[in-house]
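Structure first, commentary second.
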Ligand SMILES: [Zn+2]
């Protein structure tokens with residue numbers, strides 16, 4: 001099976017923020033945390049979740065049959081009219097069928113250049129899970145010089161794919177994440193996502209719009 005490695009960088013054009021008064025997006029959308037060494041990170045789970053959602057939108061808009069979480073009876077392997085597992089579950093995994101891809105945290109670049117007051121950690125207090133939540137810090141909205149804050153990992157996604165076409169679905173989804181940026185009503189300013197994918201050490205040429213359409217057609221017929 002082909003080995004995949006995707007390098008990712010996410011640059012915020014608006015601050016990644018959280019706050020009681022925040023509108024648009026869920027709290028989870030806005031979480032930036034620290035890792036064990038204290039560095040600010042975009043957690044792998046965030047990247048994976050957002051990317052899965054983007055790929056779902058990309059595929060659904062082009063009529064590729066997919067299951068419909070979260071109701072179990074509409075999810076693979078129970079979804080009616082969908083060959084199980086569906087494409088999304090094949091790429092990202094489903095209960096009992098883990099993905100062969102691993103997602104890794106993106107770490108903030110040039111953390112030492114950021115003014116201390118820019119990164120104002122705010123501890124989330126959750127009465128029920130206080131101990132766990134004390135480890136969870138958020139960045140709260142700050143001054144414009146926050147712009148350009150970049151999180152990156154040259155090995156953000158690694159592992160294997162059963163079908164090389166899956167890499168193009170990932171790249172298509174990543175392109176949509178870019179389109180979401182800029183602090184729109186979605187809340188989180190994922191300004192720019194830069195992705196470079198390699199399969200067996202060779203850089204993958206990004207598909208044109210037409211090629212993405214053809215790719216989706218090929219999934220509809222297979
Ligand atoms: Zn599915």
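Any read-out appearing in this document is the output of simple, stated calculations on the displayed coordinates, not a laboratory observation. Keep in mind that this is a model prediction, so the values were computed, not measured. With ideal geometry, Cβ positions are generated from the backbone for all residues, glycine too; neighbour counts draw on all protein chains shown.
In plain terms, the chain from residue 217 to residue 192 could stretch by 6.2 nm, reckoned as 0.36 nm per residue minus the Cα-Cα distance. Which FRET efficiency value, to the nearest 0.05, is calculated for residue 163 and residue 202 with the Förster distance at 22 angstrom and r the Cβ-Cβ distance? Efficiency at R0 = 22 Å is approximately 0.85. Stretching the chain fully between residue 100 and residue 7 yields a gain of 31.8 nm (0.36 nm per residue, less the alpha carbon separation). At an R0 of 30 angstrom, the distance between the Cβ atoms of residue 73 and residue 45 translates into a FRET efficiency of 0.75.
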